[in-house]
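A.B. asks: Mind looking over this structure? Questions follow.
The values are calculated or read from the model by the stated rules, or taken from the named source; none is laboratory data. Since we're looking at a predicted model, the values are computed, not measured. Ideal geometry is used to build each Cβ from the backbone, glycine not excepted, and the neighbour counts take in all protein chains shown. Areas reflect the complete protein model, heavy atoms only, side chains present, ligands, DNA and RNA absent. Shrake-Rupley method; radii C 1.70, N 1.55, O 1.52, S 1.80 Å.
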Amino acid sequence: MALRILLRTGLGYHRAHLLQSLLIVIGIAMGVAMVLAIDIANSTISQSFKFSTESLTGKTTHQIVGTQSGFSQSVFEDLRVKYGHRENAPVIEGHVQVKELEMRTLKLMGIDPFSEMYYRNILNSKASPQSISIFTGLLTEPGRVLISEQLARKADVGVGDHLTLIQEGRENQVVVYGLLQSRDKNSQTALSGVVITDIATAQEFLMMGDQISRIDLIIAEDDDTTLRSIEKNLPPLVTISPAAKRRASIRQMSSSFELNLMAMSLLALLVGMFLIYNTITFSVVQRRKLFGILRALGVTQKEIFFMILGETIILGFIGSLLGLGLGMLLGIGTVRMVGQTVSDLYFVMSTTVFAVSPFNLIKALGLGLVASFVSAVFPAIEAIGVTPVEAIRRSALEKYATRLIPRLSWGGLCLLFLGWAILSVRTQRLELSYTGLLFIVFGSALLVPMISQYLIRLCMWSPLAKYELTVRLAFRNVSRSLSRTAVAIAALMITVSVIVGVGIMVESFRFTVVQWLNDTIRADIYLVGTNRDIPSLDVDLPEALEGIPGIRELFIVRAVKLNAGKYAGAVLFAMDREIVERKWIWKAGTESDVYDQFANGSVFISETFAWQNGFKLDRGGIINLATELGERSFPVAGIFRDFSARQGVILIKSQIYRQYWGDNRISGIALLSDSGIDVEELIDRINQRLAKNYHFVISSNASIRKNAIDVFDRTFTITVALKILATLVAFIGVFNSIMSMMLERTREIGVLRANGMTISQLWRMLLTEAGVIGFISGLLALPLGTVLAWILIFVINRQSFGWTLEFIVGPHHYLQAIGIAVVASLLAAIYPSYAIGKKLIAEALRTE
Amino acid sequence: MAIRLQNINKCYVEGGKKQIILSGLNAHFPKGKFSVVLGKSGSGKSTLLNIIGGLDIPDSGEVFVEDRNLSILSDYDRTIFRRRNLGFIFQFFNLIPTLTVLENTLLISELDGSDRQKSKKAAFDILEHVGLENRLDAMPDFLSGGEQQRVAIARALVNNPQIILADEPTGNLDQYTGLNVLKMMVRLMRERKKTLVMATHSKEALAQADFIFRIENGLLIPNPSEPMPGSEF
């Protein structure tokens, strides 16, 4: 009963100070929206991955895989005929573009219909016509496909209609032989990204010859005998592994990306929390007299505590609901932004998936409420700590705040130390690192009152403060109201430091990537295959190119993705000495030594590969690779920086590769042009002469760099959104603080006006106050932002991806920090200054 | 002339209802005299003083202070005029909490950009007159009510304004302190030949006043037992 009345009193206050209360609501709404949007994006990535792999894997327990190009279908035949293992299904997978769906990329899946019934729901789905007809139909005529009803509707086709599938620049006409209807939503969504055909048709369309992508098997959990017997009889470079393990390793690649996204969104929530803390603190301070009176009337400390918590949670609840709606809208944009990046870097994301579950919403709402609760705890504790007598005296509050400064400072130093200690631990646990980062941020916030005090004392020595009353008043007001201004400064400092930190990180990353591109892409022109999955060029192409004038030299590259084994996911590049030069993190000897070693069979590995496989970055090691001639050891002669493959890169000399793998195929050709030759003209010439007979994608050095940078920029678009959000929250936070401070001094300002302060002098004083708050915030954000950047680059980024980046800090970062802080503060002070200046002096004097 | 008000009307809107405070009020407060304005709470005493001081604007009518028609001045001009010609003493002292005693006293001269040396000398002088020469660096929160009001008096007088407006200056003080403060104000006012208009309920103030007025029903009525202002001229 008492709480209800008290809550009504509290909410009445908030109703009377609507703008302030709105700011609490907006602060939490923005934080919750960001968290929800990122959570939706992450859930969508998860679901998309699930649909693209898990649903289509069905009951499969193990998979036989080879290299990126697949392996001979004789392995399948031998399994069945020679070794009597009949529970297996060959699969061919590739990607095609569908003309009728505006060139949308879909998975082309070639299956053996008779084997399929054991594995997937696809052909156990309801189908029209009946399943038996589909089996026979797929097998009897080539070029027949099955698609889902959903896909058929989108392409506006029906049974008997044609679809145009484009692969390696070639068009293949297929007939829709049947429409599939799934029993469950998961399969329905999975099927919406797939075109199913028989193995022979898939082999033909994907130009795989007699190769297959994998064989799915069902092996009982305890059946080690079968597993071992299959393993024993597999040819070199073909391995068997649990299906879940393979999925997990692919999934793990994108999980770091998701975790970093989530961390960014939590930073946004943290900033929102400061906004709430700020506002609630002011509302508590403004009502100290009221609390004193309530206490004098017999309201207990506990009742005051719950009153403040209760009002904040109610406002937080409203804000969280608003945030949910905003988050859903933001989520659409975020999924689009993030989806492009995931497709660029990890796996093709389904565009039909938009995963929002009640769990996402409950989680976001819960976070919003928890954030509101946590933000209100300290102001509530402050409110109950005041005695009725002290409530009246303004100076008593500031005296109390001043006494608290040493304790806060020690607390801040402890948190900083703890944070540093956590970050010093060598771990791959990102959660731990982000905890350390949080400690650093909070520790810095606790040091703000002490540092602000000293900075203002320093400013008071300036001639401007000595001789200009409005400036002196401004400095004094900021200094003597530290219980309020310190909170505003801390909140703004944190927000601006996030902007600085993320800005430095992105710029450092970009600089490093550009540097890497400069070091790696040295040829003038590159040719690669058109097939995303099995890039290969015609073996006659080099000879055909040699006849073209303008080409000085050409180099052949073979790139093979290791699909299984210890280094699954890594890419093996076979190339010649002339184009193997890299930027070294470590090398075994001098420059010429390492290239000699390379020529004699040593390999170079990328930094990511070294990090993921436990190699120390200050020494080499041995890599054991499965070759056609059995397992071979290759000494590591150098570790280089590389951003091309998530799981790492191994460079080996072409001749050595051909010797051990017996593979003469070509993945790419690098061309050096004659000096003075226009590269674009040479590209046109090559296209004119060879495009009719050969399939390739040709790019200039410049366009490859541009595309790489575009992918990079797309990846970090989300950080731009975060920076904008942080700036907005910074502005709202400081607006709130400044407005509260000025409103609280309405009467005092009335007195100044009554004693002859003009409006322009008033503006000067108020804007100077705001400017001081902004300047101190910006100044303090510089070291914190730099430290944040350092942590993001050298700890978190390293743990997530294994990359070493240059640390690029320019004066523009710092100027930007101070600029944002000062401008946000000045802009925030405009309306309050105007509102107070407009007030009649008599009215101002009447204000309690 | 000092202060003349002609046909002043002023109302406030509170809770949707119009409250008429002053209705066709005419007043003349003679120069160099101590005038007291009496009236019930809410009768409009403070409103009258605020209008005289340019802190509030009447709905209609004219306000002449030292021959300047305040009604036609811009806010800026009113502010400058107030700074140089008027001193305010409030019931609740209204010192600036972040300024010391000396700084509060120097407030107006600093706002006006006056000569610092001269202003400081004048401030020391007036603070000595009010007995606070030893509390120059004290903050308002650590002064007693009487001391705060003395600082307010010093602040009001330091720039040598012609007119002092005091709104219940002893209302927040105990009787003894209030009497001392009142005596100090009147003494300083007479020594410096200033015009003092005071809204008050204090009997001691009535006893020392040259003229007594009462606000009733929005009008200023001279106390019948006292001579009409201007009659001596």
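A.B. asks: At pLDDT 70 or above and under 29 Å from A:Leu106 (Cα atoms), is that true of A:Thr341?
C.D. replies: So A:Thr341 fails the test.
A.B. asks: For the stretch B:58-67: of the residues being away from chain A (no Cβ under 12 Å) and crowded, with 19+ Cβ neighbours inside 10 Å, which is modelled with the highest pLDDT?
C.D. replies: B:Val63
A.B. asks: Select from the stretch A:750-782 the residues that are of a type in the set (D, E, K, R) and facing chain B (nearest Cβ under 10 Å) and list them in ascending order.
C.D. replies: Scanning the stretch A:750-782 gives a single hit, A:Arg753.
A.B. asks: Hey, does the stretch A:421-434 have a residue that's among the small types (Gly, Ala, Ser), buried (at least 16 other Cβ atoms within 10 Å of the Cβ) and either modelled with pLDDT of 90 or more or touching a Gly at 6+ places or on another chain (Cβ under 7 Å) (or both)?
C.D. replies: The answer is no; no qualifying residue exists.
A.B. asks: Can you say whether A:Ser667 is at pLDDT below 90, in contact with a Pro (Cβ under 6 Å, 6 or more places away or on another chain), within 29 Å of A:Phe598 (Cα to Cα) and surrounded by 15 or more Cβ atoms within 10 Å (Cβ to Cβ), as far as the supplied structure shows?
C.D. replies: Criteria met by A:Ser667.
A.B. asks: Right, here's the next one. Do the conditions hold for A:Arg510, that is, is it under 24 Å from the mean Cα position of the chain (by Cα) and either within 14 Å of another protein chain (Cβ to nearest Cβ) or more than 30 Å from A:Ala829 (Cα to Cα) (or both)?
C.D. replies: yes
A.B. asks: Restricting to the stretch A:824-848, count the residues that are more than 14 Å from chain B (Cβ to nearest Cβ) and open to solvent by 80 Å² or more (accessible area, probe 1.4 Å).
C.D. replies: 2
Every residue, every condition in (1) part of a loop (DSSP other than H, G, I, E, B); (2) at pLDDT below 75; (3) open to solvent by 10 Å² or more (accessible area, probe 1.4 Å); (4) touching a Phe, Trp or Tyr at 6+ places or on another chain (Cβ under 6 Å), yes or no:
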| position | (1), (2), (3), (4) |
| --- | --- |
| A:Met264 | no, yes, yes, no |
| A:Asn278 | no, yes, no, no |
| A:Arg295 | no, yes, yes, no |
| A:Ile308 | no, no, no, no |
| A:Gly319 | no, no, no, no |
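A.B. asks: Condition first: under 30 Å from A:Leu545 (Cβ atoms), touching a Pro at 6+ places or on another chain (Cβ under 9 Å), open to solvent by 50 Å² or more (accessible area, probe 1.4 Å) and not in a loop (DSSP other than H, G, I, E, B). Can you find one or more residues in the stretch A:684-695 that meet it?
C.D. replies: Yes, the stretch A:684-695 contains at least one residue that is under 30 Å from A:Leu545 (Cβ atoms), touching a Pro at 6+ places or on another chain (Cβ under 9 Å), open to solvent by 50 Å² or more (accessible area, probe 1.4 Å) and not in a loop (DSSP other than H, G, I, E, B).
A.B. asks: Is there a residue in the stretch B:79-102 that is buried (at least 16 other Cβ atoms within 10 Å of the Cβ), farther than 24 Å from B:Ala154 by Cα and within 14 Å of chain A (Cβ to nearest Cβ)?
C.D. replies: no
A.B. asks: If I filter the stretch A:583-591 for residues that are surrounded by 17 or more Cβ atoms within 10 Å (Cβ to Cβ) and hydroxyl-bearing (Ser, Thr, Tyr), do I get at least one hit?
C.D. replies: No, the stretch A:583-591 has no match at all.
A.B. asks: Would you pick out the residues in the stretch B:103-115 that are within 30 Å of B:Ser41 (Cβ to Cβ) and at the interface with chain A (Cβ under 9 Å from one of its Cβ atoms)?
C.D. replies: If the condition is that a residue be within 30 Å of B:Ser41 (Cβ to Cβ) and at the interface with chain A (Cβ under 9 Å from one of its Cβ atoms), then B:Leu107, B:Ile108 are the ones that fit.
A.B. asks: Does B:Ile153 qualify as being under 24 Å from B:Arg78 (Cα atoms), away from every other protein chain (no Cβ under 12 Å) and surrounded by 23 or more Cβ atoms within 10 Å (Cβ to Cβ)?
C.D. replies: yes
A.B. asks: Restricting to the stretch A:154-171, and then to whatever is at negative phi, at pLDDT 85 or above and of a type outside the set (Ser, Thr, Tyr), can you tell me which residue is most open to solvent (accessible area, probe 1.4 Å)?
C.D. replies: The residue in question is A:His162.
A.B. asks: Among the residues of the stretch A:763-783, is any touching a strand residue (DSSP E or B) at 6+ places or on another chain (Cβ under 8 Å), at pLDDT 85 or above and part of a helix (DSSP H, G or I)?
C.D. replies: no
A.B. asks: Just checking, which of A:Phe634, A:Phe615 is under 30 Å from A:Val795 (Cβ atoms) and within 36 Å of the chain's Cα centre (by Cα)?
C.D. replies: A:Phe615
A.B. asks: Output yes when any residue across the stretch A:389-404 is under 35 Å from the mean Cα position of the chain (by Cα), outside any loop (DSSP other than H, G, I, E, B), at pLDDT 70 or above and more than 14 Å from chain B (Cβ to nearest Cβ), and no when none is.
C.D. replies: no
A.B. asks: Applying the selection to the stretch B:133-148, what residues are assigned to a helix (DSSP H, G or I) and within 14 Å of chain A (Cβ to nearest Cβ)?
C.D. replies: Selection gives B:Pro140, B:Asp141, B:Phe142, B:Gly145, B:Gln148.
A.B. asks: Specify which of the listed residues (A:Val539, A:Val441) is on the phi < 0 side of the Ramachandran plot, open to solvent by 40 Å² or more (accessible area, probe 1.4 Å) and β-branched (Val, Ile, Thr).
C.D. replies: Result: A:Val539 is the single residue among A:Val539, A:Val441 that is on the phi < 0 side of the Ramachandran plot, open to solvent by 40 Å² or more (accessible area, probe 1.4 Å) and β-branched (Val, Ile, Thr).
A.B. asks: If you don't mind, another one. State which residue is most open to solvent (accessible area, probe 1.4 Å) when the search covers only the stretch A:82-100 and only residues that are within 18 Å of A:Ser192 (Cβ to Cβ) and touching an Asp or Glu at 6+ places or on another chain (Cβ under 8 Å).
C.D. replies: A:Lys99
A.B. asks: Would you point out the residue of the stretch B:22-52, among those that are touching a residue at least 24 places away in the same chain (Cβ under 8 Å) and open to solvent by 70 Å² or more (accessible area, probe 1.4 Å), that is farthest from the other protein chains (Cβ to nearest Cβ)?
C.D. replies: Within the stretch B:22-52, the match that is farthest from the other protein chains (Cβ to nearest Cβ) is B:Lys33.
A.B. asks: Oh, and also: Only one of (1) surrounded by 14 or more Cβ atoms within 10 Å (Cβ to Cβ); (2) out of contact with any helix residue (DSSP H, G or I) (no Cβ under 6 Å at 6 or more places or on another chain) fails for B:Gln19. Which number is that?
C.D. replies: Only one criterion in (1) surrounded by 14 or more Cβ atoms within 10 Å (Cβ to Cβ); (2) out of contact with any helix residue (DSSP H, G or I) (no Cβ under 6 Å at 6 or more places or on another chain) is unmet by B:Gln19, namely (1).
A.B. asks: Here is a follow-up. Regarding the stretch A:714-728, can at least one residue be identified that is within 28 Å of A:Val580 (Cα to Cα), in a strand (DSSP E or B) and touching a residue at least 40 places away in the same chain (Cβ under 8 Å)?
C.D. replies: The answer is no, given that none of the residues of the stretch A:714-728 is within 28 Å of A:Val580 (Cα to Cα), in a strand (DSSP E or B) and touching a residue at least 40 places away in the same chain (Cβ under 8 Å).
A.B. asks: Evaluate the stretch A:569-577: report whether one residue or more is open to solvent by less than 20 Å² (accessible area, probe 1.4 Å) and of a type in the set (Val, Ile, Thr).
C.D. replies: No, because not a single residue in the stretch A:569-577 is open to solvent by less than 20 Å² (accessible area, probe 1.4 Å) and of a type in the set (Val, Ile, Thr).
A.B. asks: If the requirement is being facing chain A (nearest Cβ under 8 Å) and either open to solvent by less than 20 Å² (accessible area, probe 1.4 Å) or in contact with a Ser or Thr (Cβ under 7 Å, 6 or more places away or on another chain) (or both), which of these qualifies: B:Leu55, B:Leu70?
C.D. replies: Within the list B:Leu55, B:Leu70, the selection yields B:Leu55.
A.B. asks: Give A:Phe794, A:Phe807 a once-over and let me know the one that is closer than 30 Å to A:Asn613 by Cβ, away from chain B (no Cβ under 14 Å), open to solvent by 10 Å² or more (accessible area, probe 1.4 Å) and without any contact (Cβ under 8 Å) to a residue 24 or more places away in the chain.
C.D. replies: None of the others qualify; the one that does is A:Phe794.
A.B. asks: Looking at the stretch A:730-744 only, could you name the residues that are open to solvent by 20 Å² or more (accessible area, probe 1.4 Å) and either within 14 Å of chain B (Cβ to nearest Cβ) or closer than 17 Å to A:Ser452 by Cβ (or both)?
C.D. replies: A:Glu744 - this is the single residue of the stretch A:730-744 that is open to solvent by 20 Å² or more (accessible area, probe 1.4 Å) and either within 14 Å of chain B (Cβ to nearest Cβ) or closer than 17 Å to A:Ser452 by Cβ (or both).
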